[in-house]
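Each value in this text was obtained by applying a stated rule to the coordinates, not by laboratory testing. Since we're looking at a predicted model, the values are computed, not measured. Ideal geometry is used to build each Cβ from the backbone, glycine not excepted, and the neighbour counts take in all protein chains shown.
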Amino acid sequence: MTFARLLASGFGSGFVPGAPGTAGALLGLVLGIPLLLAPTGVLALAALLISVLGLWAISAAHVEGDPGWVVIDEIAGQWIALLGLAHPTVPGLLAAFLLFRLLDIVKPGPVGWVDRQGGAAGIMADDLIAGGIAAGILWAVGQYRPGLLG
C-alpha cells in the first residue's frame with residue numbers, strides 16, 4: 001500500500017466493512033479531541049493541513065469516483081465540525097459527530113452540489129462544507145444555550 005493510499009484511507013479506517021465513512025469520522029473525532037484541547041487555533045490549523053494532505057493523497061492515489069475507503073475527507077470534515085464547540089463535552093462531541101454524519105450522508109444543498117463535481121476537490125469539499133455547516137449550527141446552539149454543548 002502506498003503512503004497516499006494509506007493516508008486517503010485514514011490509516012486503514014476506511015477499510016472497516018459496512019460503515020467506512022462512520023469509522024473515518026469516528027477516528028476524526030478521537031484525534032480531534034486533543035486538538036480541541038490544544039491552544040486556540042491548533043485544531044483549525046490541523047484541519048487545514050489535513051485538508052491539503054487529503055487533496056494530495058486522493059490525487060496521488062489516483063482515486064476514481066468517491067470510493068468508500070477514502071475517509072481522509074471525513075476526518076477533515078469532523079475536525080471542522082469540532083470547531084463549533086467552545087470546549088469538548090460528551091454532549092457536544094456526540095452532537096458534533098452525529099450532526100456531521102447526518103449532513104455528510106444526506107448532503108443537503110451545497111454539500112450535494114459540490115459532491116457531484118467529482119475529482120479530489122469534490123471528494124474533499126463536500127465533507128469540508130458539511131463540517132462547516134455542522135460547526136455553524138453547534139456554534140449557534142452554544143450562543144443560544146451557553147454550556148449546553150461545550
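Of G65, G122, G131, which is the most mobile in a GNM of the chain whose springs link Cα atoms less than 10 angstrom apart?
Top of the fluctuation ranking is G65.
By how many degrees, between 0 and 90 and to the nearest 10, does the Cα long axis of helix 72-82 differ from the longest principal axis of the chain?
The angle comes out at about 10 degrees.
What number, in percent, do you get for the relative contact order of the chain if the mean sequence gap of Cα pairs under 8 Å and at least 6 apart is divided by its residue count?
Worked out over the chain, it gives 28 percent.
Using Rg and Dmax of the Cα atoms in Å as the read-out, say which of (i) 14.4, 47; (ii) 14.4, 41; (iii) 17.4, 63 was calculated from these coordinates.
Label of the calculated value: (i).
Please list, ordered by chain and number, the residues whose modelled amide H lies under 5 Å from the amide H of S9; skip anything fewer than 5 residues away on the same chain.
V71
Which residue, A130, A81, A38, has the most motion in a Gaussian network model of the chain that connects Cα atoms within less than 10 Å?
Maximum among the listed residues: A38.
In what order do I33, I129 fall by count of nearby beta-carbon atoms within 10 Å, going from fewest to most?
Listed from fewest to most nearby Cβ atoms, that is I33, I129.
Using the Karplus equation 6.51 cos²θ - 1.76 cosθ + 1.60 (θ = phi - 60°), what ³J(HN,Hα) coupling, rounded to whole Hz, does each residue of the range 114-127 give in order, writing x for Gly and Pro?
Those phi angles translate into 5, 4, 6, 6, x, x, 4, 5, x, 4, 6, 5, 4, 6 Hz.
Ignoring everything except DSSP H segments at least 4 long, calculate the 222 nm mean residue ellipticity for the chain; use -39,500 (n - 2.57) per segment, divide by total residues, nearest 500.
Taking each H run of at least 4 residues, the total per residue is -22500 deg cm²/dmol.
For the chain, modelled as a GNM with alpha-carbon contacts under 10 angstrom, which of T22, T89, T40 fluctuates the most?
T40
From the phi angles alone, apply the Karplus equation (6.51, -1.76, 1.60; θ = phi - 60°) to the range 26-35 and give each ³J(HN,Hα) in whole Hz, x where the residue is Gly or Pro.
My calculation for the range 26-35 gives 5, 4, x, 5, 4, 6, x, 4, x, 5 Hz in order.
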